[in-house]
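The values are calculated or read from the model by the stated rules, or taken from the named source; none is laboratory data. Bear in mind the structure is a predicted one, so any value in this text is a computation, not a measurement. Neighbour counts run over all protein chains shown; Cβ positions are idealised from the backbone, glycine included. Surface areas here come from the heavy atoms of the whole protein model, side chains and all, with no ligands, DNA or RNA. Shrake-Rupley method; radii C 1.70, N 1.55, O 1.52, S 1.80 Å.
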Amino acid sequence: TTMKLLHSFCLTIPYGMLIAAGGVFGYFKAGSTMSLVAGGASGGILTLMGILNYTEWAQSPRVSPIYDSVSIIISGALAGVMGQRYMESGSFMPAGLVAAMSAGMTLFYAAHFLKPKHSKKRHE
């Protein structure tokens, strides 16, 4: 049997929005411009990748791998950077949470790259 995975946009859009919201929250709570820039940029790009992925999926039987490629790079980088911050601070919020969520998303994207490619079948 083959494992069925969610379409990546199903998780990429909310993940990107959470990362962006976390960056804005970090800015207002701690005055961290770096949180705003890094979280806002990476969250915005992830959200855009999810929206573009969905838009292409809705219009054609194949979806470009570029969306998941950009997303796995960003989620992997966030997992690494925030994992290091968590190790240094020992504080789960926010670094540990972002690291764990990003590591999970990196694995999710990796699973998408590893699954066999089939033509899209719609159940409408």
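Numbers below:
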item: With Cα atoms, 0 to 90° folded angle of helix 8-30 axis to the chain main axis; result: 10 degrees
item: Label-point separation in nm, His7 to Ala30, each point 7 Å along Cα→Cβ; result: 3.6 nm
item: Segment Leu48-Ser69, extension gain: residue separation times 0.36 nm, minus the distance between their alpha carbons; result: 6.3 nm
item: Projected-area mean, segment 1-55, by convex hull of Cα positions, square nanometres; result: 4.2 nm²
item: Helix 33-59 vs. the chain, principal-axis angle (Cα, 0 to 90°, nearest 10); result: 10 degrees
item: Nearest-20 debye value, the chain charge dipole, Cβ charges on Lys, Arg, Asp, Glu; result: 400 debye
item: Leading residue at positive end of dipole, the chain (Cβ point charges), from Gly31, Leu48, Ala20; result: Leu48
item: Share of carbon and sulfur in the accessible heavy-atom surface of the chain [1.4 Å probe, %]; result: 70 percent
item: Efficiency of FRET from Cβ geometry, Glu56 and Val81, R₀ 35 Å, rounded to 0.05; result: 0.75
item: Probe 1.4 Å - accessible area at Ser89, Å² to nearest ten; result: 70 Å²
item: Shape of segment 1-122, Cα gyration tensor, a/c cut at 1.5; result: prolate
item: Pairs of Cα atoms farther than 12 Å apart, segment 24-74, %; result: 65 percent
item: Value of relative contact order over the chain, rounded to a whole percent, pairs C-alpha under 8 Å and six or more apart; result: 22 percent
item: Accessible area, probe 1.4 Å, largest first, for residues Val98, Val81, Val24; result: Val81, Val24, Val98
